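Working notes, beginning with the structure itself.
The values are calculated or read from the model by the stated rules, or taken from the named source; none is laboratory data. Keep in mind that this is a model prediction, so the values were computed, not measured. Here Cβ is always computed from backbone atoms with ideal geometry, including for glycine, and neighbour counts include all displayed protein chains. Surface accessibility is based on the protein's heavy atoms, side chains included, excluding ligands, DNA and RNA. Shrake-Rupley method; radii C 1.70, N 1.55, O 1.52, S 1.80 Å.
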Amino acid sequence: MSTPIPATLIPGDGIGPEIMDATLAALDALGSPFEWDRQIAGLGGVQAHGDPLPKATLDSIRRTRLALKGPLETPSGGGYRSSNVRLREEFQLYANVRPARTIIPGGRFDDIDLLVVRENLEGLYIGHEHYVPIDGDPHAVAMATGVNTRQGSRRILEYAFELAIAQGRKKVSIVHKANIMKALTGIFLETGQQLYQEKYKGRFELDTVIIDACAMKLVLNPWQFDVLVTTNLFGDILSDLVAGLVGGLGMAPGANIGADAAIFEAVHGSAPDIAGKGIANPTALLLAAAMMLDHCKLPDLAARLRKAIDDTLNVDQVRTGDLRGTASTAAYTQALVSRIRNG
Ligand code: NAI
């Protein structure tokens, strides 16, 4: 038995606890080495401690530098700031890596294998927003400031380029809107092109594409892309788009990676519309756990988990409702655990 790896576990809000239970059952069956420190955040944190990101949770991640996290609820419009965004800032998790791979064949798009690498700390997500009151209307004008830096752009572009090489990818597309936001996204495009010329020329093909055209091309012919690297807001939107190409949010994992910490999660949110009904698809969080195993240099365990997911969905045909199946979360988990034990 290898030495246990300390890791923080945040079940999260809404369907979080249901999909986390499923993921822990699968990891237990695999004999995974994580030694969990269970913490709360999001709405759960507000209810228990009046804070969506309690100190104990931050202290735990400071110690473990590794976390598996369920979705955290964030109110729209007013209310507290997103705990996800705060976690990314606190631990400088600058790279958001979101793979989209076809697992169930026969959908609208077959054989998809895309990787979206999103800048996670800059752009329009820095939270510099305010209203200007005019004539008694407190919300007469809304303003937001976006900030992209040369250093921040270079760091994420370098990460994406290195990942492309490590995974044997053929092409990287820099997605931007430098025709309109000439400074804000121009700096990202320019930095990427310079970096490619300096260090990466010939190691893969570099392509540049404007965000709106990219969205259309992804729907018309997604196979023309391989790795997409982009700024924060565009990356957020594109990663949901590519999740849709492979069966929806229930199938899309994500990793938030920094220089010395990493948090793994599903791309989707807390799905309040189906929370507590026992019907959520835990696959996205399970695939995030597989990414976490890879990150901890346990590729054999990651591959066993992915194979068991594949067999449960395709051989046993046990699927949750979002994949037009009839299985409950518990039934899917049970089938997956038997696959892991007998696989
Ligand atoms: P959502 O991703 O929670 O749900 C969108 C739709 O997809 C819903 O119809 C939902 O039922 C369905 N869905 C999502 N995950 C599913 C799963 N595993 N199985 C089956 N169906 C699934 O997005 P929404 O409703 O916009 O956000 C709800 C809350 O989640 C908000 O408070 C939002 O801020 C938060 N959120 C948190 C994220 C995170 O913690 N990383 C990411 C995105 C949203």
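Name the pairs whose Cβ atoms lie under 8 Å apart, with the first residue in the stretch 280-303 and part of a loop (DSSP other than H, G, I, E, B), the second at pLDDT below 95 and acidic (Asp, Glu), and 6 or more positions between them or separate chains?
Within 8 Å, the pairs are ASN281/ASP322.
Which of the residues that make up the stretch 213-230 are open to solvent by 10 Å² or more (accessible area, probe 1.4 Å) and either in contact with a Leu (Cβ under 6 Å, 6 or more places away or on another chain) or under 16 Å from ARG118 (Cα atoms) (or both)?
Within the stretch 213-230, the first condition is being open to solvent by 10 Å² or more (accessible area, probe 1.4 Å), and the residues that meet it are 213, 215-217, 219-221, 223-226.
ALA215, PHE225, ASP226, listed by residue number.
To keep it simple, each residue is scored yes or no on (1) among the basic types (Lys, Arg); (2) within 16 Å of the ligand (Cβ to nearest atom).
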residue: TRP36; (1), (2): no, no
residue: GLN39; (1), (2): no, yes
residue: GLY45; (1), (2): no, yes
residue: LEU53; (1), (2): no, yes
residue: THR57; (1), (2): no, yes
residue: ARG63; (1), (2): yes, no
residue: LEU66; (1), (2): no, no
residue: LEU72; (1), (2): no, yes
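Within 18 Å of the chain's Cα centre (by Cα) and not in a loop (DSSP other than H, G, I, E, B) - does that describe any residue in the stretch 44-59? Even if it seems obvious, please write down each step before you answer.
Going residue by residue through the stretch 44-59, those that are within 18 Å of the chain's Cα centre (by Cα) are none.
Looking through the stretch 44-59, none of the residues is within 18 Å of the chain's Cα centre (by Cα) and not in a loop (DSSP other than H, G, I, E, B).
Considering the stretch 1-54 alone, what residues qualify as being small (Gly, Ala, Ser), in contact with a Gly (Cβ under 6 Å, 6 or more places away or on another chain) and without any contact (Cβ under 8 Å) to a residue 60 or more places away in the chain?
Residues satisfying the conditions do not exist here.
If you check ALA164, ALA178, which single one turns out to be at pLDDT 95 or above and surrounded by fewer than 20 Cβ atoms within 10 Å (Cβ to Cβ)?
Details: ALA164 fails: surrounded by fewer than 20 Cβ atoms within 10 Å (Cβ to Cβ).
Every option except ALA178 fails the conditions.
Which numbered condition in (1) farther than 30 Å from ILE309 by Cβ; (2) in a helix (DSSP H, G or I); (3) touching a Phe, Trp or Tyr at 6+ places or on another chain (Cβ under 8 Å) is the only one that ILE174 fails?
Exception for ILE174: condition (2).
All but one of (1) among the basic types (Lys, Arg); (2) closer than 18 Å to ALA290 by Cβ; (3) outside the structural domain of LEU228 (by TED's automatic domain parsing) hold for ARG38; state the number of the condition that does not hold.
If we test ARG38 against (1) among the basic types (Lys, Arg); (2) closer than 18 Å to ALA290 by Cβ; (3) outside the structural domain of LEU228 (by TED's automatic domain parsing), just (2) comes out false.
For the stretch 25-40, name all the residues that are open to solvent by less than 30 Å² (accessible area, probe 1.4 Å), at pLDDT 95 or above and either more than 22 Å from ILE257 (Cβ to Cβ) or not in a helix (DSSP H, G or I) (or both). Explain how you work it out, then say what you get.
Quick first cut of the stretch 25-40, residues open to solvent by less than 30 Å² (accessible area, probe 1.4 Å) only: 26-27, 29-30, 32-34.
Restricting the remaining residues to those that are at pLDDT 95 or above gives 26-27, 29-30, 34.
Of everything in the stretch 25-40, those that are open to solvent by less than 30 Å² (accessible area, probe 1.4 Å), at pLDDT 95 or above and either more than 22 Å from ILE257 (Cβ to Cβ) or not in a helix (DSSP H, G or I) (or both) turn out to be ALA26, ALA29, LEU30, PHE34.
Can you tell me which residue in the stretch 193-238 is nearest to LEU157 (Cα to Cα), limited to those that are assigned to a strand (DSSP E or B) and of a type outside the set (A, V, I, L, M)? Lay out the reasoning, then the answer.
Within the stretch 193-238, the first condition is being assigned to a strand (DSSP E or B), and the residues that meet it are 201, 204-210, 227-230.
Remaining after also requiring of a type outside the set (A, V, I, L, M): 201, 204-205, 207-208, 230.
Values: LYS201: 14, PHE204: 13, GLU205: 14, ASP207: 13, THR208: 13, THR230: 8 Å.
That would be THR230.
Quick check on this structure: which one of LYS217, LYS199, LYS277 is in contact with a Ser or Thr (Cβ under 9 Å, 6 or more places away or on another chain) and charged (D, E, K, R)?
On the way: LYS217 fails: in contact with a Ser or Thr (Cβ under 9 Å, 6 or more places away or on another chain); LYS199 fails: in contact with a Ser or Thr (Cβ under 9 Å, 6 or more places away or on another chain).
Going through LYS217, LYS199, LYS277 in turn, the sole match is LYS277.
Looking only at the stretch 41-98, filter to residues that are of a type in the set (Ser, Thr, Tyr) and in contact with a strand residue (DSSP E or B) (Cβ under 6 Å, 6 or more places away or on another chain); which one of those is most open to solvent (accessible area, probe 1.4 Å)? Before you say what the answer is, go through the steps one by one.
Of all residues in the stretch 41-98, those of a type in the set (Ser, Thr, Tyr) come to 57, 60, 64, 74, 76, 80, 82-83, 94.
Those left that are additionally in contact with a strand residue (DSSP E or B) (Cβ under 6 Å, 6 or more places away or on another chain): 60, 64.
Details: SER60: 4, THR64: 20 Å².
The selected residue is THR64.
Test of understanding: among ALA266, ALA284, ALA255, ALA243, which residue is open to solvent by less than 10 Å² (accessible area, probe 1.4 Å), near the ligand (Cβ under 10 Å from one of its atoms) and not assigned by TED's automatic domain parsing to the domain that holds LEU72? Steps first, please.
Working: ALA266 fails: not assigned by TED's automatic domain parsing to the domain that holds LEU72; ALA284 fails: not assigned by TED's automatic domain parsing to the domain that holds LEU72; ALA255 fails: near the ligand (Cβ under 10 Å from one of its atoms).
Just a single option satisfies the conditions, and that option is ALA243.
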